[in-house]
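Below is one structure; the comments refer to it alone.
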Amino acid sequence: MPITGPSFEQLLDRIDQQDRVIAELQQRLDAAPPAAGVPAWPASSSAANSAYGTSNGTNWAATGEPTCGTPKPPTVYAPLVGDADNGKCPPCGEEKKLKKQHVVTHYVGYDKGFVIKPFNSKEYPFDMKINGRIQFRYNGFARNEETWTDNAGVTREIRNRSDFDIERARLILSGTALDERSTYYLQLDGDTDGSDMVDFFDYWWAWKFSDLLQVQVGKRKVAACRAWLLSAFNTTLVDRSMATDFFRPDRTVGIWFVGDLTENMHYEAMVGNGYRTADMPLSQQNDKFAYAATQWIDLGDGAFGNSFDDYEMHDTPVMQLGHSFAAAQQGDTFGGIPLDESDFVRLSDGTVLDAPSALAPGTRVTDFDLYFYAIDAAFKYRGFAINGELCFRWIDNIGGNGPFPVDKLYDRGFYAQTSYYLVPETLYVAGRVSQVDGAYGNHYEYAGGVGWFLSGNRNQKLTFDVTVLDGSPLNNTTTDILVGDSGLLCRAQYQAMF
């Protein structure tokens with residue numbers, strides 16, 4: 001049965017009208033002369049043309065005829081001339097204007113951290129690496145003395161402790177900016193024994209002139225004491241030794257000069273606000289700079305590595321030898337009270353040097369000069385490692401509202417550590433001894449423990465250690481060794497890095 005109806009008849013009328021228009025246009029095209037430089041449309045062709053100059057018929061651009069004067073144009077067919085710019089083509093003879101395009105200049109990936117890197121670093125010298133680190137720790141301390149008394153005659157309680165602690169939760173941003181020679185480093189740090197505050201731990205900008213010299217400006221570690229300069233995430237036991245933290249400097253703001261004197265000899269030198277001025281307002285700092293320098297050399301075949309245990313399982317012996325020096329002048333008071341910058345120095349019994357009556361009843365130290373020197377050495381071979389550092393500290397030109405029984409102090413100390421891998425790149429045992437010795441006391445630390453890498457690399461690690469203390473002169477919540485501690489300290493730590 002034939003289909004009938006008003007709507008169908010209207011559709012047929014429209015088709016007839018379109019057929020007449022197409023036929024009329026085809027007659028005009030057949031009668032028109034070909035345009036200059038464009039091949040004529042063959043009368044026998046009935047191929048349809050697209051808005052982009054493509055056809056289901058013969059490829060007339062393949063004849064090599066020029067189109068709009070442009071070299072190597074896109075495939076087109078006469079009479080429509082098009083290109084890839086939305087089917088639009090400028091009049092013949094005019095310069096073609098290309099559309100603006102979004103160009104992907106960087107890519108995201110992972111390379112020992114999340115990275116944002118350019119495809120062409122010379123054209124786009126901007127990149128960033130993002131790293132995260134955390135240390136989750138259990139601390140348990142059992143005292144064998146109830147109190148300790150400092151040199152000023154003040155008696156304080158020694159407490160038993162048992163707690164969980166997030167010691168170092170860090171986010172690090174580093175990379176290149178503005179120029180391939182210009183680098184930056186930013187480290188944020190938070191921990192639960194620091195009132196859960198987040199600090200700008202390190203932040204510096206650097207320009208590398210050559211392998212011999214890079215200049216860094218900002219805040220970072222004072223360049224002295226090898227065990228201090230080693231990352232806290234690469235320590236063999238849970239944390240640094242008692243002696244290291246007693247003598248070492250801290251962070252400060254200043255200028256650093258860093259480079260390699262030879263292929264295996266490195267140096268750092270700096271001038272900064274103070275010996276220990278991390279997170280300290282300028283109002284509590286004096287107007288005298290601190291100076292420091294360190295140098296070390298690697299000996300043997302292959303790189304020494306960035307830790308003191310032999311994770312690399314060196315086939316041939318390797319060594320590292322170094323030394324460090326620092327100097328700082330301390331002074332100035334506010335309302336007769338020494339500035340906070342000066343209160344980091346403790347006598348060898350743990351008494352704060354500028355505390356009231358520290359050296360003699362009714363007196364207070366307000367001025368002194370500090371000099372520090374250290375010698376370090378380390379050795380690795382087939383999973384076995386041994387390392388240590390000798391530290392020397394001189395306190396000269398002691399001043400204040402004396403008289404004092406002494407005008408200078410000399411303290412010395414050391415740590416020595418050894419480790420051995422029971423399972424290569426996985427499990428090791430370690431032991432350590434450290435000492436602080438001076439005119440007001442002589443104290444030791446004895447420690448032993450186990451390190452276990454969990455994931456076939458250094459990114460996850462469990463560490464257990466036990467430490468015997470006989471009266472600590474150090475007060476440091478980071479290492480969980482507090483002043484006066486005499487007893488047994490047990491620590492267990494999980495750390496992760498990406």
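The values are calculated or read from the model by the stated rules, or taken from the named source; none is laboratory data. Keep in mind it's a predicted model, so treat the numbers as computed, not measured. No Cβ is skipped: glycine too gets one built from the backbone with ideal geometry, and neighbour counts run over all protein chains shown.
Laid out as a table, the results:
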{"item": "Lone unmet requirement of (1) crowded, with 20+ Cβ neighbours inside 10 Å; (2) of a type in the set (Ser, Thr, Tyr); (3) under 21 Å from Gly413 (Cβ atoms) for Tyr373", "result": "(1)"}
{"item": "Residues (aromatic (Phe, Trp, Tyr), assigned to a strand (DSSP E or B) and touching a residue at least 24 places away in the same chain (Cβ under 8 Å)) located in segment 422-460", "result": "Tyr428, Tyr444, Trp452, Phe453"}
{"item": "Any chance Asp245 is of a type in the set (D, E, K, R) and touching a Leu at 6+ places or on another chain (Cβ under 9 Å)", "result": "yes"}
{"item": "Unmet criterion (only one of (1) out of contact with any Cys (no Cβ under 9 Å at 6 or more places or on another chain); (2) farther than 18 Å from Thr147 by Cα; (3) of a type in the set (Val, Ile, Thr)) for Ile481", "result": "(2)"}
{"item": "Scan of segment 133-144 for residues that are out of contact with any Asp or Glu (no Cβ under 7 Å at 6 or more places or on another chain) and surrounded by 14 or more Cβ atoms within 10 Å (Cβ to Cβ), ordered by number", "result": "Arg133, Ile134, Phe136, Tyr138, Gly140, Arg143"}
{"item": "Any hit, segment 251-261, residues being over 30 Å from Leu489 (Cα atoms), at pLDDT below 95 and acidic (Asp, Glu)", "result": "no"}
{"item": "Pair list, Cβ < 9 Å and 6+ apart or interchain, from segment 383-396 residues that are surrounded by fewer than 19 Cβ atoms within 10 Å (Cβ to Cβ) to residues that are outside any strand (DSSP E or B) and at pLDDT below 95", "result": "Asp396/Asp407"}
{"item": "Pairs with Cβ under 6 Å, 6+ apart, first in segment 302-318 and buried (at least 20 other Cβ atoms within 10 Å of the Cβ), second among the basic types (Lys, Arg) and modelled with pLDDT of 95 or more", "result": "Asp310/Lys380; His314/Lys380; Val318/Lys380"}
{"item": "Members of segment 470-481 that are in contact (Cβ under 8 Å) with a residue 60 or more places away in the chain and either farther than 18 Å from Asp437 by Cβ or surrounded by fewer than 18 Cβ atoms within 10 Å (Cβ to Cβ) (or both)", "result": "Asn475, Asn476, Thr477, Thr478, Thr479, Asp480"}
{"item": "Any hit, segment 263-281, residues being at pLDDT 95 or above, farther than 13 Å from Ala224 by Cβ and part of a strand (DSSP E or B)", "result": "yes"}
{"item": "Criterion: out of contact with any Ser or Thr (no Cβ under 6 Å at 6 or more places or on another chain), among the acidic types (Asp, Glu) and farther than 19 Å from Thr351 by Cβ - qualifying residue of Asp437, Asp465", "result": "Asp465"}
{"item": "Candidates Arg393, Arg364, filtered to the one that is at pLDDT 95 or above and among the charged types (D, E, K, R)", "result": "Arg393"}
{"item": "Yes/no for Gly350 being touching a helix residue (DSSP H, G or I) at 6+ places or on another chain (Cβ under 8 Å) and modelled with pLDDT of 95 or more", "result": "no"}
{"item": "Of the criteria (1) of a type outside the set (A, V, I, L, M, F, W, C); (2) crowded, with 19+ Cβ neighbours inside 10 Å; (3) over 30 Å from Tyr428 (Cβ atoms); (4) more than 20 Å from the chain's Cα centre (by Cα), which one Ser283 fails", "result": "(2)"}
{"item": "Every residue from segment 340-364 that is without any contact (Cβ under 8 Å) to a residue 60 or more places away in the chain, hydroxyl-bearing (Ser, Thr, Tyr) and part of a loop (DSSP other than H, G, I, E, B)", "result": "Thr363"}
{"item": "So Thr463, is it in contact with an Asp or Glu (Cβ under 7 Å, 6 or more places away or on another chain) and either without any contact (Cβ under 8 Å) to a residue 12 or more places away in the chain or among the hydroxyl-bearing types (Ser, Thr, Tyr) (or both)", "result": "no"}
{"item": "Residue list for segment 136-161, restricted to those being under 18 Å from Ala358 (Cα atoms), part of a strand (DSSP E or B) and of a type in the set (A, V, I, L, M, F, W, C)", "result": "Trp148"}
{"item": "Selected residue (only one of Leu80, Leu186, Leu173, Leu98 is among the aliphatic types (A, V, I, L, M), touching a strand residue (DSSP E or B) at 6+ places or on another chain (Cβ under 8 Å) and at pLDDT below 95)", "result": "Leu80"}
{"item": "Residue selected from segment 436-470 under the condition among the polar types (S, T, N, Q) and at pLDDT 95 or above, by the criterion farthest from Gly305 (Cα to Cα)", "result": "Asn442"}
{"item": "Hits in segment 466-481 - residues which are out of contact with any Lys or Arg (no Cβ under 8 Å at 6 or more places or on another chain), within 13 Å of His443 (Cα to Cα) and in a loop (DSSP other than H, G, I, E, B)", "result": "Gly471, Ser472"}
{"item": "Residue in segment 420-475 that is nearest to Val406 (Cα to Cα), counting only those that are in contact with a strand residue (DSSP E or B) (Cβ under 7 Å, 6 or more places away or on another chain) and of a type in the set (Lys, Arg)", "result": "Arg432"}
